[in-house]
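The structure appears right after this line, and notes come after that.
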Amino acid sequence: MREIQEKGKYIYREKFLYEFDDYGAEQGEERHYIIAVIDKNGVECPHPITDFLRSYRSKSMSLERERQVASTVCQFLNFSRKMTVLNDKDFQSLRYEGIFGLNFEHASRFLRHADDKKNLAGRRVKKDTVDRKEKVLIDFYIFFQENGIISPNLTVPSYIDEKGKRKYSSPFVRTRGAYNTEVVKKGLRDFGENRQQLLVELIDTALSLKKGKSIAFGMALQAFGGLRRGEIVNLTTGSILHSGNTIVVDIKDRQNHLFKHKKNTKKEAVKKPRLQDVLPSAYINKVREAHNNWLKLHKSKVKFIVSDSLFVNKLGYPMSGKTYETTFKKVVEVFLKRLLEQRRYEDFSFLTSKPINTHTLRGVFTNICLDDLGMNVRETANARGDNWDKTVVEYMEELTGKQKMQRAIEQLANAVIDNEHSKDVIANWRDGANKI
């Protein structure tokens, strides 16, 4: 039985829901989020506010983004509930009117509270994080007003943009101060001028370790194809295709197929389904062959829960994003230890200047595209599976801001990437960029 203080608390849950088309025909089960409230008996009861998630949802919206929206709504409603219980004067109307008494000051108070919070590292939450919450709450209030739930006198300011579309401005008041503005330490986004050699050595380290063998090919796909962690663990054996000398990865959200046994699939989310070219390399083909051999050996010892899983844990279940992360960290620990044993202090110092995580490999891929292959921002963004150029522009600014070292001819001659065959891949990315 839940504690009595949880009565009335809002929560969100991931569920399999039946979807219907405009004519009422059933389209099958899909993973989505619902919002529920805990009743006086501790039972989770689905709440009508879930309708907001349905209205917010779109075909291009990832499950992870839907989770973030559900989380923001629950955070806001629980904050309002707490302030009401504490008899805060701004929230007394909710004691009698409930949700129907919501006004702009309630959301303003929540956002100011969110602006002042600190993360697990003890640093102030980033402004962009709270900005995203504010955008959700703007849409939340518009939804409530359109459905006659809150007062029609609450007007969300709007304007017509240059394309003739109606846009909405925030009706909320935030007073984010300038204190505690230290920069949050971001993860490492490059391996430096010697990136290709270090990538190979890192992946070779994985291949040399019992646990590392299970993710070495995934690491290679991240480093030479820019895949995200969630995209890696969503792959099946049939996801790896070929186009001439190039590996092509069919990236899809396969959570219904691979992760039906998991309640929380936050770390298995796929942000953008697509066909992803991987930079041509004899090395990555070698790593793929090693992974196939490992899969056969592992399958002879353990029963696979999903027969066509490409990445599998020690128990035979499709590998979760968390297990992938944990294994990656162990590989990095051994790799850094080997650098010290080899007295490669410069490489060690560079790689430990910021935290290394699985997303670091996607960053290294970005710098290979920009720096080693001379691709422009739009081509690189397309190669990464990004709709917008903003993130890649940040990488470009970092590169142009550095004092570049002269590369040795030997390094170019021994580059991992097959530059000749890369021309066709880059042409594909350029074509994709021109269509956007």
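The values are calculated or read from the model by the stated rules, or taken from the named source; none is laboratory data. Since the model is a prediction, treat every value here as computed from it, not as a measurement. Every residue, glycine among them, receives a Cβ derived from its backbone with ideal geometry; neighbour counts consider all protein chains shown. SASA here: full protein model, heavy atoms, side chains in, ligands and nucleic acids out. Shrake-Rupley method; radii C 1.70, N 1.55, O 1.52, S 1.80 Å.
Across region 295-347, what is the number of residues that are more than 30 Å from GLY187 (Cα to Cα) and not charged (D, E, K, R)?
11
When residues of region 136-166 are filtered for being of a type in the set (A, V, I, L, M) and farther than 22 Å from GLN75 by Cα, how many remain?
1
Cβ-Cβ below 7 Å, separation at least six or inter-chain, first residue in region 115-136 and closer than 21 Å to GLY187 by Cα and among the charged types (D, E, K, R), second open to solvent by 70 Å² or more (accessible area, probe 1.4 Å) and outside any loop (DSSP other than H, G, I, E, B): which pairs?
ARG124/LYS118
Yes or no: region 263-270 includes at least one residue that is among the charged types (D, E, K, R), at negative phi and touching a Gly at 6+ places or on another chain (Cβ under 7 Å).
Scanning region 263-270 turns up at least one residue that is among the charged types (D, E, K, R), at negative phi and touching a Gly at 6+ places or on another chain (Cβ under 7 Å).
Only residues that are farther than 15 Å from ILE149 by Cα, part of a helix (DSSP H, G or I) and hydrophobic (A, V, I, L, M, F, W, C): list them for region 42-56, please.
Listed by number, the list holds a single entry, LEU53.
Tell me, which strands (runs of 3 or more DSSP E) lie completely within region 136-245 with 1 or more residues that are in contact with a Cys (Cβ under 6 Å, 6 or more places away or on another chain) and open to solvent by less than 10 Å² (accessible area, probe 1.4 Å)?
Numbers: elements: 158-160, 166-168, 240-243.
Qualifying strands (runs of 3 or more DSSP E): none found.
Between HIS106, HIS113, which is part of a helix (DSSP H, G or I), modelled with pLDDT of 85 or more and open to solvent by less than 10 Å² (accessible area, probe 1.4 Å)?
Values: HIS113 fails: open to solvent by less than 10 Å² (accessible area, probe 1.4 Å).
Of HIS106, HIS113, the one residue that is part of a helix (DSSP H, G or I), modelled with pLDDT of 85 or more and open to solvent by less than 10 Å² (accessible area, probe 1.4 Å) is HIS106.
Which of the residues that make up region 120-135 are among the aliphatic types (A, V, I, L, M), modelled with pLDDT of 90 or more and open to solvent by 20 Å² or more (accessible area, probe 1.4 Å)? Give the derivation first.
First pass over region 120-135, keeping only residues among the aliphatic types (A, V, I, L, M): 120-121, 125, 130.
Those still in the list that are modelled with pLDDT of 90 or more too: 130.
If the condition is that a residue be among the aliphatic types (A, V, I, L, M), modelled with pLDDT of 90 or more and open to solvent by 20 Å² or more (accessible area, probe 1.4 Å), then no residue fits.
Looking at this structure, is LYS252 in contact (Cβ under 8 Å) with a residue 24 or more places away in the chain, under 25 Å from the mean Cα position of the chain (by Cα) and open to solvent by 80 Å² or more (accessible area, probe 1.4 Å)?
No: the conditions fail for LYS252.
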